[in-house]
Amino acid sequence: MKKNSFVLFGEIINTRGLKGELKVKVYNPLSPLLRPGTILYCNTKKYTIQKITQHKDFFYIFFDTVYSIDEAEKLKGQSIFILRGDILLQEEEHILADLIDFTVMDKDMPIGIVEHIINLGAGDILVIRQNNKHECLIPYNKEFIVKVDAEQKIIYAKDTEDFTL
């Protein structure tokens, strides 16, 4: 993947107050990038986080160039992105969007191809298209995912019998 490509980071849900604060749904609330100084992009414009606070499942963010409710309202409903090169991954960490089109294997047998990934609140779910045109859903967690081989584009899973047809 190109280091200068963008990765979806979250969505601006609403505004708060009169000074340009934004209510943001972040797709990875555990990200170490949720701090002042992080550069995000919205509508191809660059923004720097000046202040950030968390409240339940949302974050309230002040950007460096948004100072009023009128400026904030223009961003409402927009997606925000981060440069792929700014994401520092630890060993065995992956950007979920990169797993699309990976083959999923269980006991050396192919189950299918990752079509997309959904988040149901409690965790991420791999939506896998099987050869028989059916979909199966497998939780993306250590209980079911053994290893991800990014070079070979293979996800090794276990105990998937209850999820497959």
TODO: Amide H neighbours of residue 157 under 5 Å, at least 5 residues apart or on other chains, H built in the peptide plane: list them.
DONE: 105, 106, 107, 146
Open item on the list: Please enumerate, by chain and number, the lysines with C-alpha under 23 Å from the C-alpha of residue 56, excluding those fewer than 8 residues away in the same chain.
Closed with: 19, 23, 25, 76
TODO: Return the long-range amide H neighbours of residue 21 (sequence gap of 5 or more, or a different chain), with a cut-off of under 5 Å between placed amide H atoms.
DONE: 16
- [ ] Round to the nearest 0.05 the FRET efficiency obtained for residue 35 and residue 134 when R0 = 45 Å and r is the Cβ-Cβ distance.
- [x] 0.60
Open item on the list: With a cap of 16 neighbouring Cβ atoms within 10 Å, and only residues DSSP puts in a loop, list the GluC sites (Glu not before Pro) found in segment 46-154.
Closed with: 91, 92, 93, 143, 151
TODO: Using Cα positions and a limit of under 22 Å, work out the lysines in reach of residue 142, with same-chain residues fewer than 8 apart set aside.
DONE: 107, 153, 158
Open item on the list: Using Cβ contacts closer than 10 Å as the measure, can you line up 106, 57 from fewest to most?
Closed with: 57, 106
TODO: Going by C-beta contacts inside 10 Å, put 44, 160, 103 in order with the fewest on the left.
DONE: 44, 103, 160
Task: Loop-located trypsin sites (Lys or Arg not before Pro) in segment 14-62 whose Cβ has at most 15 other Cβ within 10 Å (DSSP) - done: 19, 56
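Computed from the coordinates by the stated procedures, all read-outs in this text should not be read as laboratory data. Keep in mind it's a predicted model, so treat the numbers as computed, not measured. Neighbour counts run over all protein chains shown; Cβ positions are idealised from the backbone, glycine included.
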